[in-house]
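Colleague: Supplied in structure tokens, the structure appears directly below.
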Amino acid sequence: MPRAIWSGAISFGLVTVPVRLYSAVSRKSVRFNQLDQRTGSRIKRKWVSALDGEEVPSDELVRGYEITSGNYVTVSDDELKSLDPEASRTIDIVEFVDLDEIEPLMYDNAYYLEPDELAAKAYKVLVEALGKADKVAVARIVMRNKEYLASIRSSNGVLVMATMVYADEVNSIGDIDGLEKVASIEVSEAEIAMAEQLIATLESDFDASKYSDGYRERVLDLIQRKSDGEDVLVVEDAAPAASSDVVDLMAALEASVAAAKETRKRHPSANKTKKKAASKKKKAAAEPEAKSA
């Protein structure tokens, strides 16, 4: 059972909706500990001085910000604490915007908002209103002594909040030379049309359950086999052969379309896609008759 990591209230206008915050994502990465190969015991981290190599006790550690090479300004815990945002138990909605106005790069962590039992009706009203208006709420929230920018949207009948990075934390495209050069590259209408055909051939309804972390599954399988006493043989991959062939983009696109079509024929969803297309055609053909009637 997930545990609430924050409790407070959504505030917009004169309306207050008490809510609890739950992480919407559970990371599944495989974590390892560092061990001493000789004894199998865990390694402990020690803090040592770069000046003399001596271990530094934890109560002698201070924070320092490097202003020039080797020159630091130290800042105490009390000084930082005095700058903490004012403790608040509210998610203050600042404005409502269209979803496509928010750059996807700005999204960070996702959370579910659960209403207090007595606030369920006000919560449901906000869910329905956001959905019908097709808007996203932009809000501010203080968690763990840090103020976050956040978005709140209606999704599958509940409110989902995502913390966001600030605008100056998003790296500029102009800082990456290879991306700036894209604008000056010329492409033909035929190449674009063929790429669109490839996209149409691979078009599908997104189903997240079709995808899994293959690497994590292989790592866990390796751990299980080694735990069972199996000797695991590691085979080195051969280095990819170098090629000097100049790729004909149009030919590559045409071959990709042909291969995608052939793959789709054998895929279990092929019949489902055909039925959906036939249904759309039938509906489109019926519409003129309905209008004329």
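Colleague: Step through the residues of segment 42-55 one at a time and calculate ³J(HN,Hα) from phi using the Karplus curve (6.51 cos²θ - 1.76 cosθ + 1.60, θ = phi - 60°), rounding each to whole Hz and writing x for Gly and Pro.
Modeller: My calculation for segment 42-55 gives 6, 8, 9, 7, 10, 9, 10, 6, 5, 7, 10, x, 6, 5 Hz in order.
Colleague: Of the accessible area of segment 129-223, with the probe set at 1.4 angstrom, what percent is carbon plus sulfur?
Modeller: In segment 129-223, the share of accessible area belonging to carbon and sulfur is 53 percent.
Colleague: What number, rounded to the nearest 500 deg cm²/dmol, is the helix-based mean residue ellipticity at 222 nm of the chain, given -39500 (n - 2.57) per DSSP H run of at least four residues and division by all its residues?
Modeller: -10000 deg cm²/dmol
Colleague: In sequence order, what are the phi-derived ³J(HN,Hα) couplings for segment 132-144 according to the Karplus relation 6.51 cos²θ - 1.76 cosθ + 1.60 with θ = phi - 60°, rounded to whole Hz, with x for glycine and proline?
Modeller: 6, 7, 6, 10, 10, 8, 9, 9, 10, 9, 9, 9, 6
Colleague: Once you sort the root eigenvalues of the Cα gyration tensor of the chain as a ≥ b ≥ c, which label holds: rounded (a/c under 1.5), prolate (a/b larger than b/c) or oblate (the other case)?
Modeller: Since a/c reaches 1.5 but b/c is at least a/b, the shape of the chain is classed as oblate.
Colleague: Note down the nm distance, to one decimal, between modelled labels 7 Å out along Cα→Cβ at Val125 and at Glu254.
Modeller: Taking the simple label geometry, Val125 and Glu254 are separated by 6.3 nm.
Colleague: Averaged per residue, what accessible area in Å² does the chain show with a 1.4 Å probe, protein chains only?
Modeller: Averaged over the residues of the chain, the accessible area is 82 Å².
Colleague: What ³J(HN,Hα) values, in whole Hz, does the Karplus curve 6.51 cos²θ - 1.76 cosθ + 1.60 give for segment 220-237 when θ = phi - 60°, with x put for Gly and Pro?
Modeller: Those phi angles translate into 5, 5, 4, 4, 5, 5, 5, 5, 7, x, 6, 7, 9, 8, 9, 9, 6, 6 Hz.
Colleague: For a paramagnetic label modelled at 7 Å from the Cα of Ser11 toward its Cβ, which residues of segment 163-200 fall within the zone defined by backbone nitrogen distances under 14 Å?
Modeller: Within reach of a label on Ser11, which here means backbone N under 14 Å from a point 7 Å along Cα→Cβ, segment 163-200 contributes nothing.
Colleague: What would the Debye equation give as log₁₀ I(q)/I(0) for segment 1-130 at q = 0.11, 0.12, 0.13 Å⁻¹, counting only Cα atoms as equal point scatterers?
Modeller: -0.80, -0.88, -0.94
Colleague: Moving on. For segment 1-145, give the magnitude of the charge dipole about the Cα centre (Cβ charges: +1 Lys/Arg, -1 Asp/Glu; no others), in debye to the nearest 20.
Modeller: Dipole about the Cα centre, nearest 20: 900 debye.
Colleague: Right, something else. If you take the charge dipole of the chain about its Cα centre, with +1 on Lys and Arg Cβ and -1 on Asp and Glu Cβ, which of Gln37, Leu159, Met250 is farthest toward its positive end?
Modeller: Result: Leu159, furthest along the dipole toward the positive end.
Colleague: Right, next: On full extension of the chain, what length is gained from Tyr107 through Leu220, given 0.36 nm per residue of separation minus the C-alpha to C-alpha distance?
Modeller: Stretched out fully, the Tyr107 to Leu220 stretch lengthens by 37.7 nm.
The values are calculated or read from the model by the stated rules, or taken from the named source; none is laboratory data. None of these values were measured; they are calculated from a predicted model. Note: ideal-geometry Cβ built from the backbone for every residue, glycine included; neighbour counts use all protein chains shown. Remember, those area values only see protein heavy atoms, side chains included, never the ligands or the DNA or RNA. Shrake-Rupley method; radii C 1.70, N 1.55, O 1.52, S 1.80 Å.
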